[in-house]
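Participant: Submitted below is the structure of interest, expressed as structure tokens.
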Amino acid sequence: MNPPNAPGDNPVRTGPAHPSVLPTCAAVERDPRAAERSVDFPVSVVLPAGGTGERTGLQTPKQFCSLLGRPLISYTIQAFERVSWIHSVVVVVAKENMDRMMDIIQRFQHRKVRAVPGGSTRHRSICNGVLALGGGDGEEEGERPVAERPKVVIIHDAVRPFVEEELLYNIAIAAKEQGAAGAIRPLVSTVIATTSEGFLDHSLERAKYRASEMPQGFTYDVIYQAYKKCTESDFEFGTECLHLALQYCGTNAKLIEGPPALWKVTYKRDLAAAESIIKDTLSRSACVITGGSEPAAILADALHKAVGPLDMELGIVPDLMGVNSGYLFKEWNFILISVSQSGLSEVKTILTHLEAVNRALLYPVVIVWVHLNVSDELSVSGRMAEPGAIMDLASAAKLRNILVFGIQLHQSKDAGRWERSVLRVAEVASALIRGRSTALVGQILQA
Ligand SMILES: Nc1ccn([C@@H]2O[C@H](COP(=O)(O)OP(=O)(O)OP(=O)(O)O)[C@@H](O)[C@H]2O)c(=O)n1
Ligand SMILES: O=P(O)(O)OC[C@@H](O)[C@@H](O)[C@@H](O)CO
């Protein structure tokens, strides 16, 4: 690949279309390009988060375990507060976690959310959440006027962070029409019944059964009455809200098959899987900033053509001013190419922009700073800022959830060497964006 003629610095978007709705992870805020659905009745949400997460084997309840520096429950809350037609969210947490929950709501600036005390079982916690929507304080029922109660209540385990607006909409509409609705998935394993001695008694015909997942939706009256009428045994041992609606309200829930991403974080491995999905979702696009210089634009164009290793959507711009400031939002990462003496000033400028829009509030932003040495000197540090200054800048940015990594590249007139260097920049930049390893922050890697 020979260095091409300098392309214009027009924004170039390549690769897969930027997801308008992130199917596996809530975007920072409601995506204006997401299909705008309207719901003409009030919908509220109950997120049961009062468990201890015993099956993870961890001290911290799984809903509070961090994924990319942010508690799992914050991702789930975000998935709901970005939906414009959802009126309010009630998070139900154990009393001993109430302060922690309030801190999360405040720290991550969650809106439409309030926390109420949970119960000793999942059903008791969900019931407390439903009572809170009716005007109670989460333990005693209140008498909020019917007009102020939600028409539909969506119930969703707080440890299921991957939920799409489209499914929520379908569940809410079906719940209003049928009284109850629930998400289902095909069974992966066959269900069998055992004898008391631990032997196979019989197996169920898998094709006739489905796994009951979340979200589920109910008209407020159905779920309220179901909890009013259910037994202590239901509260103590039950796991299925749809069953309560059928048993105590005669309501057959409408079942809606959801996407594979509905799974519940149950075991420790599920936390790692969830973080990996979030990392993948956040690594789908990068904005390449050239500063308007010709050598940088040539490199940017070469990166744009090296789509293989850098398998992500690229936008190429000279700066982040004017219309280009749009790249400061959503899930864009940044590849900043500088050829100036130190280049630190360009990094400082982009850091200022990112902080001005509070972009790193909900998840870490990656800046890969590529220092293109166009001088004849071969020395690595010939024209670059002192490594110490770079580390100081990157360490300070890391405290603000912005990860700055460096790549040193020497422009070569030898076509073959240049091509190899460009591919290395693409590979290293891709690995840094996808890996988001805080251990490499401030390091200068060689391309
Ligand atoms: N008393 C309880 C128990 C569970 N839950 C919530 O119900 C959801 C699904 O329950 P589960 O996955 O079983 O969570 P835990 O009970 O915490 O897990 P474990 O059984 O491993 O302790 C979780 O968000 C959990 O926090 C709750 O609100 N109140
Ligand atoms: O039983 P657990 O408390 O682990 O999880 C709750 C699940 O049973 C529940 O989320 C779905 O099956 C839908 O009811």
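The values are calculated or read from the model by the stated rules, or taken from the named source; none is laboratory data. Predicted model, so just to flag it, every value in this text is computed and none were measured. Heads up, the Cβs are rebuilt from the backbone with ideal geometry, glycines too, and the neighbour counts pull from every protein chain shown. These accessible areas exclude ligands, DNA and RNA; they are computed on the full protein's heavy atoms, side chains included. Shrake-Rupley method; radii C 1.70, N 1.55, O 1.52, S 1.80 Å.
Participant: Looking at the stretch 36-89, which trypsin sites (Lys or Arg not before Pro) are in a loop (DSSP not H, G, I, E or B) and have at most 15 other Cβ atoms within 10 Å?
Facilitator: Of the trypsin sites (Lys or Arg not before Pro), the ones in loops of the stretch 36-89 whose Cβ has at most 15 other Cβ atoms within 10 Å are Arg37.
Participant: Defining a contact as two alpha carbons under 8 Å apart and six or more residues distant in sequence, what relative contact order in percent does the chain show?
Facilitator: 17
Participant: When you count, for each residue, the other Cβ atoms within 10 Å and take the mean per peptide, how do 174-185, 103-114 rank with the highest first?
Facilitator: So the order, starting with the most tightly packed, is 174-185, 103-114.
Participant: Please list, by residue number, every one of the GluC sites (Glu not before Pro) in the stretch 192-236 that is coil in DSSP and has at most 14 other beta-carbon atoms within 10 Å.
Facilitator: For GluC sites (Glu not before Pro) across the stretch 192-236 that sit outside H, G, I, E and B with at most 14 neighbouring Cβ atoms in 10 Å, the list reads Glu197, Glu205.
Participant: Keeping all protein chains in place, calculate the accessible area per residue for the stretch 214-266 (probe 1.4 angstrom), answer in Å².
Facilitator: Numbers: 2430 Å² over 53 residues.
Spelled out: the 1.4 Å probe surface of the stretch 214-266, per residue, equals 46 Å².
Participant: Show which lysines lie in cross-link reach of Lys268 when reach means a straight Cα distance below 22 angstrom and same-chain residues fewer than eight apart are skipped.
Facilitator: Lys62, Lys279
Participant: Using a probe of 1.4 angstrom, how much of the accessible area of the chain is carbon and sulfur, in percent?
Facilitator: The computed percentage sits at 52.
Participant: Something else about it: Counting only DSSP beta bridges with both residues in the chain, what percent are antiparallel, rounded to the nearest 5?
Facilitator: 25
Participant: Okay, next question. Mind checking which of Phe199, Phe80, Phe235 has the largest fluctuation in a GNM of the chain, springs on alpha carbons under 10 Å?
Facilitator: Maximum fluctuation in the GNM of the chain, among the listed residues, is at Phe199.
Participant: Let me ask something additional. With a probe of 1.4 Å, find how much accessible area the stretch 283-446 has per residue, and write the answer as a whole number in Å².
Facilitator: Value returned for the stretch 283-446: 38 Å² of accessible area per residue.
Participant: What distance in nm separates the simple spin-label points at Phe237 and His202, each placed 7 Å from Cα in the Cβ direction?
Facilitator: Modelled inter-label distance: 2.0 nm.
Participant: Next question, about the same structure. What Rg and what Dmax come out for the chain when only alpha-carbon atoms are used, in angstroms?
Facilitator: 25.8, 82
Participant: A 21 angstrom limit on the alpha carbon distance is what I want to check against. Which of Lys330/Lys398; Lys176/Lys264; Lys112/Lys151; Lys305/Lys413 exceed it?
Facilitator: From Lys330/Lys398; Lys176/Lys264; Lys112/Lys151; Lys305/Lys413, over 21 Å: Lys176/Lys264.
Participant: Provide Rg and Dmax in Å for the stretch 283-446, with only Cα atoms included in the calculation.
Facilitator: Looking at the stretch 283-446, its Cα Rg and Dmax stand at 14.5, 44 Å.
Participant: Express as a percent, rounded to the nearest 5, the fraction of DSSP beta bridges in the stretch 283-446 (both residues included) that run antiparallel.
Facilitator: Here the antiparallel bridges make up roughly 0 percent for the stretch 283-446.
Participant: Roughly how many nanometres apart are two label points built 7 Å out from the Cα toward the Cβ at Ser345 and Asn252?
Facilitator: My value for the distance between the label points is 7.3 nm.
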